[in-house]
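Values quoted throughout were computed directly from the atomic coordinates according to the rules given, and no laboratory measurement underlies them. Note that the structure is predicted; figures quoted are calculated from it, not measured. All Cβ positions, even for glycine, are placed from backbone atoms using ideal geometry, and neighbour counts span all protein chains on display.
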Amino acid sequence: MYEANPAMFLLHVFFTAIHGLSWVLQVVSMQKFFDAAQRYVANEIDLFTTIIYLVSMGLAYALCQLMNGVDNCHARILNIHVGKRTNRLIHKRMGEVKAIELEDTNYLDFVNKAIKGSENVVWVCLTLLDLLFFYTIYFGFMSWYLFDLEPILGVSILAVFIPCILSKLVQAVHFKKLEEQSAPVRRETEFYERCMTDKEYFKETRLLGASEFFKGLYISSLTKLNRLVFKAQLKKNILNLILDAVTVIGYGIIIYMLFVFVMNGKISIGTFAAVLASIYRLYSFMNELISERIGWASENIGTVQNFLDFIKRSEGEPIRQQGLRPPEFDIKLHNVSFNYPMTDKKVLDNISLTIQHGETIAIVGENGSGKTTLCRLIMGLYEANEGKVTYGGIPVEHLRYDFTSAVFQRYCKYNMTLQENITISQMSKSIDDAMLLDICDKSGVTLEGKDYQEGLNTMLGRDFDGQEVSGGQWQRIAIARGLCRDNDLMILDEPTASIDPIEETRLYRDFAEICSDKTAIIVTHRLGSAKIADRIIVLKNGKIVQDGKHNQLVNREGEYKRMYESQRKWYVTQ
């Protein structure tokens, strides 16, 4: 919180301390007034002096209410400032997360818990600050004040306070365990809800008549989540019931002792009135601190710990120095094997491959053969479990993504203007309209017609009242985005699934020309498109089973010829 905004943090500490002192001042001024009123009745002081004490008490009450509003308002403003920092920390850490970690369910649960913790961190910290600078000042003074009157009164406050604190420490441990159990269930619940309500799923879910199915899953997971929360809350409230009983007993004992002391003349009537009037506030604050503030903090401290664990790089985890790859490079895979987290099945098995600098290769194979995974290893998004990938002899994990451009099958639809959708791949690049129009022409993005009524400034997507375009048009935009980026390595991972065959043929012809001086990798199901490659790699069950040119492979018995004949029969008239 201090790092987020030092001035606001220190100002909040000041406001909190003044707020605590204002309640102390209220008790003192009340005692002074009641004593003054008693002395006025006894003709020991004049009316003017009594009125001064009355005004002082009124000002103390006014200050108390003013600081209550200022403290709470400033806390919300501080929350906004700190929230910005926690979001930046989350985003920064997510930028450092390895892509493969996002394939791990346990890690996704961890991220979910960290995000929830980032939402709670401010209020947990504010509770700690209030404990240090508000409640400590108030209870410290009141304990001293009561102890000064009669030691037994001061001790009675501690006798009630300490057991309550211990119970909240027990709650903190218990609710951390609850968060561990509920995070995966909460992710399930959120997913099923998206399946019923999100635009991404809505149309297909309704068409399939699966709404009731997802509703059942949602209710089931929500019931499981609520059951976990209910058990934890039940234990918490039983503890709170015991605390309330202790509080009531302590409250009654102190009132009885005050009555005895005033009757014996050990304290003045003014002191009795001030303490009696403030005793409710004393226990109200104690209940607020222990049952609400510390209680809430103890429930959420576990989520905050998850946030802190997430943003802090593990001790001993080296920060890799990543640099640019050499101007000319051969990409080599040395006995590379890979499997996804939580499974022992090898998606790629002992792959050895060399891609010459400036070479265009096509990777083909059936679904599940490992084509996309191989591309991700080549790009450095994933790290091999065995073997290594190098660029000019340098391990890929030591290189940045600069000058690598890729168009994925599952491309992103950014709800921004057409120009922003294209240039987002390299915002620092100076691009004029002529260059953008050339990129649009090469990728098949046609600006004429009703689809892009405002040209490059057309807002895309209906989320922000923009223009919705077809899947094929979105795919062309994704290709334009890839072409816009300065690159010497270009990867197309089945980017033409939504484009008609004629447009696809033109696109690949242009692509071959664009990549004439680059290293290029094409992943495709359509073997006709693979003809533009200098070399074709055939994958099956995670292994390279064939390697050669189209004319060589199509005339050789093997996986490529079988796939080619299977596709050719759909276009040949019998």
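Summing Lys, Arg as +1 and Asp, Glu as -1, what charge do residues with Cβ under 14 Å from the Cβ of D486 carry, D486 excluded?
Value of the local net charge: +3.
At 30 angstrom or more along the helix axis (alpha-carbon based) and mean Kyte-Doolittle of -1.0 or higher, what helices does the chain contain? Whole DSSP H runs only. Spell out each step's value before the answer.
Numbers: long enough: 6-41 (52 Å, 0.84); 47-96 (72 Å, 0.27); 105-130 (38 Å, 0.38); 151-197 (64 Å, 0.33); 211-263 (73 Å, 1.02).
Helices meeting the criterion: 6-41, 47-96, 105-130, 151-197, 211-263.
At a Förster distance of 22 Å, what's the computed FRET efficiency of V55 paired with D148, Cβ-Cβ distance as r, to 0.05?
On the way: r = 26 Å, r/R0 = 1.18.
Computed FRET efficiency for V55 and D148: 0.25.
State the answer as a single residue: which of G548, I514, G444 lies farthest towards the positive end of the charge dipole of the range 417-574, with beta carbon charges of +1 for Lys and Arg and -1 for Asp and Glu, about the Cα centre.
So the residue furthest toward the plus end is G548.
Based on Cβ point charges of +1 for Lys and Arg and -1 for Asp and Glu, what charge dipole magnitude is obtained for the range 14-88 about its Cα centre, in debye rounded to the nearest 20? Can you show the working numbers first?
Values: 6 positive and 4 negative charges, 144 e Å.
So the dipole magnitude of the range 14-88 works out to roughly 680 debye.
Filter the GluC sites (Glu not before Pro) in the range 1-96 down to the DSSP loop ones having no more than 14 other Cβ atoms within 10 Å, then list what survives. Before the final figure, lay out the partial values.
Values: sites: E3, E44, E96; in loops: E3, E44.
Those that pass, being in a loop and sparsely packed, are E3, E44.
Taking the range 402-465, which GluC sites (Glu not before Pro) meet the DSSP loop condition and have no more than 14 other C-beta atoms within 10 Å? Mind dumping the intermediate values first?
Working: sites: E420, E448, E454; in loops: E448, E454.
The qualifying sites are E448, E454.
Pairs of Cα atoms under 8 Å, at least six residues apart: use those to get the relative contact order of the range 324-456, whole percent.
Numbers: 137 pairs, mean separation 31.7, N = 133.
Taking the mean separation of contacting Cα pairs over the length of the range 324-456, I get 24 percent.
The range 1-140: Rg/Rh from Cα coordinates, Kirkwood Rh?
On the way: Rg = 23.7 Å, Rh = 18.4 Å.
A ratio of 1.29.
Quick check: net charge around N112, other residues with Cβ under 9 Å of its Cβ, Lys/Arg +1 and Asp/Glu -1? Each step should come with its number before you reach the end.
On the way: positive: K113, K116, R186, R187; negative: D109, E190.
Summing Lys/Arg as +1 and Asp/Glu as -1 gives +2.
Given contacts defined as C-alpha pairs under 8 Å and at least six residues apart, what's the relative contact order of the chain, whole-number percent? It would help to have the intermediate numbers written out before the result.
Details: 751 pairs, mean separation 80.2, N = 574.
That works out to 14 percent.
Using the charge dipole of the chain (Lys, Arg: +1 at Cβ; Asp, Glu: -1 at Cβ; taken about the Cα centre), state which of M263, P6, G482 has its Cα farthest towards the positive end.
Of M263, P6, G482, it is M263.
For the chain, which semi-axes, largest first and in whole Å, follow from the square roots of 5 times the eigenvalues of its Cα gyration tensor?
Working: eigenvalues 999, 134, 99 Å².
Taking √(5λ) for each Cα gyration eigenvalue gives 71, 26, 22 Å.
Projecting each Cα onto the charge dipole of the chain (Lys/Arg +1, Asp/Glu -1 at the beta carbon, about the Cα centre), which of Y391, P184, Q453 comes out farthest on the positive side?
P184
Size of the dipole of the range 30-136 about the Cα centre, Lys and Arg at +1 and Asp and Glu at -1 on the beta carbon, nothing else charged, in debye to 20? Don't skip to the answer; put the middle values down first.
Values: 11 positive and 11 negative charges, 76 e Å.
Magnitude of the dipole: close to 360 debye.
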